[in-house]
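The values are calculated or read from the model by the stated rules, or taken from the named source; none is laboratory data. Keep in mind that what you see is a predicted model, and the values were worked out from it rather than measured. Every residue, glycine as well, gets a Cβ built from its backbone with ideal geometry; the counts of neighbours run over all protein chains shown.
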Amino acid sequence: MAATLTAEVYQDDIAVALANVLAAANKRAVEMGVDVADSLLTISQRVKSDGMVWRINYSPKDYINQRGGDLIVDVTATNGQVEQVLYGQ
C-alpha cells in the first residue's frame, strides 16, 4: 500500500520520528527472524528522564490458541537507537 506523502506530512515531527523508530525496530525484527509483514504491530511510548522511548511489539496475527512468540523492541526517539529487545517464549 504505497502512498504519496505531501510536504505537510514531513512537517509533523512526531510522524517523522515514529517512522524512523519503526524503521529501526523493523530492521532489528527482521534480523531476529520475524516476518514483519505477517505480524500484528502495537506501538506505545514512555517518557524517561532523558527522552522518549517507543516500544514496538510484534506478535502473530493469528494469535488464537498460541502463547508467546512476541518480539518487543524499544527504540529511543531522539537518535533511533535500539535500547532493548525482549523475545517472548
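Matching residues to (1) aliphatic (A, V, I, L, M); (2) without any contact (Cβ under 8 Å) to a residue 12 or more places away in the chain; (3) farther than 14 Å from VAL75 by Cα:
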{"residue": "ASP13", "(1), (2), (3)": "no, yes, yes"}
{"residue": "LEU18", "(1), (2), (3)": "yes, no, no"}
{"residue": "VAL34", "(1), (2), (3)": "yes, no, yes"}
{"residue": "LEU41", "(1), (2), (3)": "yes, no, yes"}
{"residue": "ILE56", "(1), (2), (3)": "yes, no, no"}
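Does any residue in segment 75-89 that is surrounded by 11 or more Cβ atoms within 10 Å (Cβ to Cβ) come within less than 9 Å, Cβ to Cβ, of a residue that is hydroxyl-bearing (Ser, Thr, Tyr) and modelled with pLDDT of 90 or more six or more places away or on a different chain, and which pairs are these?
VAL82/THR76; GLU83/THR76; GLY88/SER59
Somewhere in segment 20-39, is a residue modelled with pLDDT of 90 or more, part of a strand (DSSP E or B) and either surrounded by 11 or more Cβ atoms within 10 Å (Cβ to Cβ) or out of contact with any strand residue (DSSP E or B) (no Cβ under 7 Å at 6 or more places or on another chain) (or both)?
Of the residues in segment 20-39, the ones modelled with pLDDT of 90 or more are 20-39.
If we keep only those that are part of a strand (DSSP E or B) too, we end up with 39.
Those left that are additionally either surrounded by 11 or more Cβ atoms within 10 Å (Cβ to Cβ) or out of contact with any strand residue (DSSP E or B) (no Cβ under 7 Å at 6 or more places or on another chain) (or both): 39.
Yes - at least one qualifying residue is present in segment 20-39.
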